[in-house]
Amino acid sequence: MKKYKKHTILLSMILVAALFINGCSNKGGSKETDIKTEAITTEAAKDEPIKILYGAGLCGIPIHIAKQLQFFEEEGLKENVDYTYVTSSTSGVEMLSTKQADVSFGLVAAMLAPLDNGLEAKTVLGIHTGCIQVLAGAKSGITDVKGLKGKKIGIEALASSPHIVTQRALANVGIGSTGENMQVEFVVFPKADLPIALKEGKVDAIAIGDPQASILVKDGDGISLFNSATSDLLKDEYCCALWARNEIIDKEPDKLAKIVTAIQKASVWIDQNKDLAAEIQLDNKWVVGELDVDQHTLKDYKYLPSVSGVQAALTRNIKDMKALGLIRKDTDADTLAKNSFARLDGVEDEITGKVTPPIDPNSQLK
């Protein structure tokens, strides 16, 4: 009987030990499986194409030309494998924040408040100067920015780039445009209704981007009071830049650098061939406009993309916006500038010299 009990106790101990060892083994296996799963997920993410957001604006022409003339392919990238184009009526900020886009073309000023509020993105390249104008009505009698004091100014949205550019232009001549010192009245209209509001005299002036601004001036419906492409205040400052999600910068730096380089080369080619670039853009329905107006407008833009240039523009915009009270008072301007900029390995600071496109540009004319 005692012998039987000894055998029973011994067997129980063996079973417990076996269960313990098996349990430990399973825990280790589970951890190893988790690591493998995470690695597979990361690799799968790397295999996904980087989503490039494009819009129909004239100033976004580098995104259009880079694809049209196969600058991406010159960098060894394949469409729908390494990169893909996406479009939406949703803002670039929302597309980036919801991961529906990884790379976006956007105005520096319009990105700063979202960045200050936690948008996980950085600028990686300045694209061009110019593209926003403040226009007075043809019969308003206003001939310069100083004449806007006490007047109504139409804008598409508060804190939009046209709004911020107007505030900077007003501040430059001593006119208050913020809460405690409001010497103008901003009136919000849908973007498409701004020209109508100006023509009908519902506002004294509007802030609007090209080519709409240039068309209004050409048709005699508006008088340009301030042009960010030609004014001494902003003519050398990058207004539009390339932005990328932080996750893509961290996980796909090499592929992203090739995408940025392709767009950088396309931008330089545009600067060297503005008339032809405008014709290709219009012929391939990237924009709806008038060729002569587009060509005339592009002449004032400097498509000389720069990494250090956008860093300087970013810092200046942040400091100006903080002075205007457009970003939080407790925000450190230098820290926000540092956290909103990335210099990618493999991307030149600037490209000098003639750029030859991968394919004959004339083949893209209709």
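The values are calculated or read from the model by the stated rules, or taken from the named source; none is laboratory data. Just so you know, these numbers come straight off a predicted model, no measurement behind them. Methodologically, a virtual Cβ is constructed for each residue, glycine included, from the backbone with ideal geometry; neighbour enumeration extends over all protein chains shown.
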- Task: Grab the helices (runs of 4 or more DSSP H) fully contained in the range 46-160, keeping just those with 3 or more residues being assigned by TED's automatic domain parsing to the domain that holds Leu242 and not aromatic (Phe, Trp, Tyr).
- Result: 61-68, 92-97, 108-116
- Query: Among the residues of the range 145-165, is there at least one that is over 18 Å from the mean Cα position of the chain (by Cα) and among the polar types (S, T, N, Q)?
  - Reply: no
- Message: Suppose we keep only residues that are closer than 19 Å to Asn317 by Cα and of a type in the set (D, E, K, R) within the range 218-258. Which one would you say is surrounded by the fewest Cβ atoms within 10 Å (Cβ to Cβ)?
- Response: Asp232
- Item | Condition broken by Leu158, with the remaining ones in (1) surrounded by 23 or more Cβ atoms within 10 Å (Cβ to Cβ); (2) under 22 Å from Ala333 (Cα atoms); (3) aliphatic (A, V, I, L, M) satisfied | (1)
- Query: Here is a list of conditions, (1) surrounded by 10 or more Cβ atoms within 10 Å (Cβ to Cβ); (2) at pLDDT below 80, and Ala44 meets all of them except one; can you say which number that is?
  - Reply: (1)
- Set Val310, Val347, Val288: member being within 18 Å of the chain's Cα centre (by Cα) and not in a helix (DSSP H, G or I): Val347
- Item | Total residues in the range 214-252, condition within 30 Å of Lys51 (Cβ to Cβ) and not in a strand (DSSP E or B) | 10
- In the range 189-211, what residues are in contact with a strand residue (DSSP E or B) (Cβ under 9 Å, 6 or more places away or on another chain) and modelled with pLDDT under 95? Lys191, Gly209, Asp210
- Got at least one residue in the range 305-317 being in contact (Cβ under 8 Å) with a residue 60 or more places away in the chain, in contact with an Asp or Glu (Cβ under 8 Å, 6 or more places away or on another chain) and of a type in the set (D, E, K, R)? yes
- Item | Among the candidates Val165, Val184, Val203, Val188, residue that is of a type in the set (Val, Ile, Thr), surrounded by fewer than 15 Cβ atoms within 10 Å (Cβ to Cβ) and not assigned by TED's automatic domain parsing to the domain that holds Thr297 | Val188
- Message: Looking at Gly176, Gly118, can you tell me which residue is farther than 30 Å from Gly201 by Cβ, surrounded by fewer than 22 Cβ atoms within 10 Å (Cβ to Cβ) and among the small types (Gly, Ala, Ser)?
- Response: Gly118
- Can you name the number of the only condition in (1) small (Gly, Ala, Ser); (2) touching a Phe, Trp or Tyr at 6+ places or on another chain (Cβ under 9 Å); (3) surrounded by fewer than 23 Cβ atoms within 10 Å (Cβ to Cβ) that Ala277 fails? (3)
